[in-house]
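K.L.:
One structure, as structure tokens, below. Some questions next.
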Amino acid sequence: MLGVGVRAVIFDWGGTLTPWHSIDARELWLGVCARHFDAGQAAAVAAAAHQAEADLWQAVEAEQRSATLDALFERAGITPSDALLAEYSAAWEPHTYTDPDVLPLLRFLRGRGLRIGVLSNTFWPRSWHEEIFRRDGVLDLIDGAVYSSEIEWTKPHRSAFEAAMTAVGVADPAACVFVGDRPLDDIHGAQSAGMRAVLVPNSDVPSFPAVVPDAVISRLADLGPLVASWQDGD
């Protein structure tokens, strides 16, 4: 990668742009369903939704195939109302706030002439993610985003990273830096696609001992000087 200038920085979302939260998914579903089904149904519906979600994430990990909320509800045998979807989104809201370091970081990267992208493994639709970024004042600083709910593959599949490169308008993976908290999905995946990869460690995320990140940072505020040094060094 020496001699290839950095032109884009692409970020993972959950656990990277938004701080990692440990969430009891079973309890979250139960809280959502309790408001929309009678007492006799709520527990069973919540259990079906939780199991469907777990099954789909297991398939993502095993096959790197994407899935959607629609697929989750279909698998669970649930026809969600708009009110149920709104309740589910609201239940997640406290866990979606953008890290305070992100806004100044993205402004700094923009000031260095870099393209900014997002690549997230997610079942959620684009509109939900964009509303989160809009709420937190960073949507206009993102040049391109790819959500796995819209494509066939998930990270760490190479095609997911190539889609993110297309989204930010950079063809050479060596000119891209990927930032994420998952050693397998984010770091190994990005490096296998030809990118540099920066790890933001998270103790709750499974390790992948075979991977060696190009850099490790403890907080996003440390990324700006690192990328600037790579730019200047290139």
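K.L.:
Return the pairs, sorted by first residue and then second, in which the second residue is open to solvent by 60 Å² or more (accessible area, probe 1.4 Å), the first residue lies in region 223-234 and is hydrophobic (A, V, I, L, M, F, W, C), the beta carbons are less than 7 Å apart, and the residues are 6+ apart or on different chains.
P.N.:
228/112
K.L.:
So how many residues does region 86-101 have that are exposed (fewer than 15 other Cβ atoms within 10 Å of the Cβ) and either in a helix (DSSP H, G or I) or on the phi > 0 side of the Ramachandran plot (or both)?
P.N.:
5
K.L.:
Further question: Any residue that is open to solvent by less than 10 Å² (accessible area, probe 1.4 Å), touching a helix residue (DSSP H, G or I) at 6+ places or on another chain (Cβ under 7 Å) and farther than 24 Å from residue 193 by Cβ - is there at least one of those in region 139-154?
P.N.:
Within region 139-154 (the criterion being open to solvent by less than 10 Å² (accessible area, probe 1.4 Å), touching a helix residue (DSSP H, G or I) at 6+ places or on another chain (Cβ under 7 Å) and farther than 24 Å from residue 193 by Cβ), the answer is no, since none of the residues qualifies.
K.L.:
Here's another thing I want to ask about it. Under 6 Å between Cβ atoms, which residue pairs at least 6 apart in sequence (or on different chains) link something in region 122-143 that is touching a residue at least 40 places away in the same chain (Cβ under 8 Å) and over 20 Å from residue 165 (Cβ atoms) with a partner that is of a type outside the set (Ser, Thr, Tyr) and open to solvent by 40 Å² or more (accessible area, probe 1.4 Å)?
P.N.:
That search, which allows pairs on different chains as well, returns 138/103.
K.L.:
Assess whether residue 63 counts as being closer than 30 Å to residue 183 by Cβ, of a type in the set (Asp, Glu) and surrounded by 14 or more Cβ atoms within 10 Å (Cβ to Cβ).
P.N.:
So residue 63 fails the test.
K.L.:
May I ask you to say which residue of 133, 161 is buried (at least 17 other Cβ atoms within 10 Å of the Cβ), of a type in the set (Phe, Trp, Tyr), modelled with pLDDT of 95 or more and closer than 22 Å to residue 19 by Cβ?
P.N.:
133
K.L.:
Regarding region 56-78, can at least one residue be identified that is more than 26 Å from residue 163 (Cβ to Cβ) and either of a type in the set (Phe, Trp, Tyr) or free of Cβ contacts under 8 Å to residues at least 12 places away in the same chain (or both)? Break it down into steps so the answer makes sense when it comes.
P.N.:
Filtering region 56-78 down to residues more than 26 Å from residue 163 (Cβ to Cβ) leaves 76-78.
If we keep only those that are either of a type in the set (Phe, Trp, Tyr) or free of Cβ contacts under 8 Å to residues at least 12 places away in the same chain (or both) too, we end up with none.
No, every residue in region 56-78 fails to be more than 26 Å from residue 163 (Cβ to Cβ) and either of a type in the set (Phe, Trp, Tyr) or free of Cβ contacts under 8 Å to residues at least 12 places away in the same chain (or both).
K.L.:
Please determine whether any residue of region 169-180 is closer than 23 Å to residue 228 by Cβ, open to solvent by 20 Å² or more (accessible area, probe 1.4 Å), touching a Gly at 6+ places or on another chain (Cβ under 9 Å) and without any contact (Cβ under 8 Å) to a residue 24 or more places away in the chain.
P.N.:
Checked region 169-180: at least one residue is closer than 23 Å to residue 228 by Cβ, open to solvent by 20 Å² or more (accessible area, probe 1.4 Å), touching a Gly at 6+ places or on another chain (Cβ under 9 Å) and without any contact (Cβ under 8 Å) to a residue 24 or more places away in the chain.
K.L.:
Still on this structure, I have one more. Inside region 1-57, can you point out the residues that are polar (S, T, N, Q), more than 25 Å from residue 214 (Cα to Cα) and surrounded by 14 or more Cβ atoms within 10 Å (Cβ to Cβ)?
P.N.:
Result: 51, single match.
K.L.:
Scan region 192-210 and give yes if some residue there is exposed (fewer than 15 other Cβ atoms within 10 Å of the Cβ), touching a residue at least 12 places away in the same chain (Cβ under 8 Å), β-branched (Val, Ile, Thr) and touching a strand residue (DSSP E or B) at 6+ places or on another chain (Cβ under 9 Å), otherwise no.
P.N.:
No: zero hits.
K.L.:
Let me ask something else. Would you check which residues across region 212-224 are outside any helix (DSSP H, G or I) and surrounded by 19 or more Cβ atoms within 10 Å (Cβ to Cβ) and list them?
P.N.:
Answer for region 212-224, where residues must be outside any helix (DSSP H, G or I) and surrounded by 19 or more Cβ atoms within 10 Å (Cβ to Cβ): just 213.
The values are calculated or read from the model by the stated rules, or taken from the named source; none is laboratory data. Values in this document were obtained by computation on a predicted structure and should not be read as measured data. Heads up, the Cβs are rebuilt from the backbone with ideal geometry, glycines too, and the neighbour counts pull from every protein chain shown. Side chains are part of the model used for accessible areas, which takes the heavy atoms of the whole protein and leaves out ligands, DNA and RNA. Shrake-Rupley method; radii C 1.70, N 1.55, O 1.52, S 1.80 Å.
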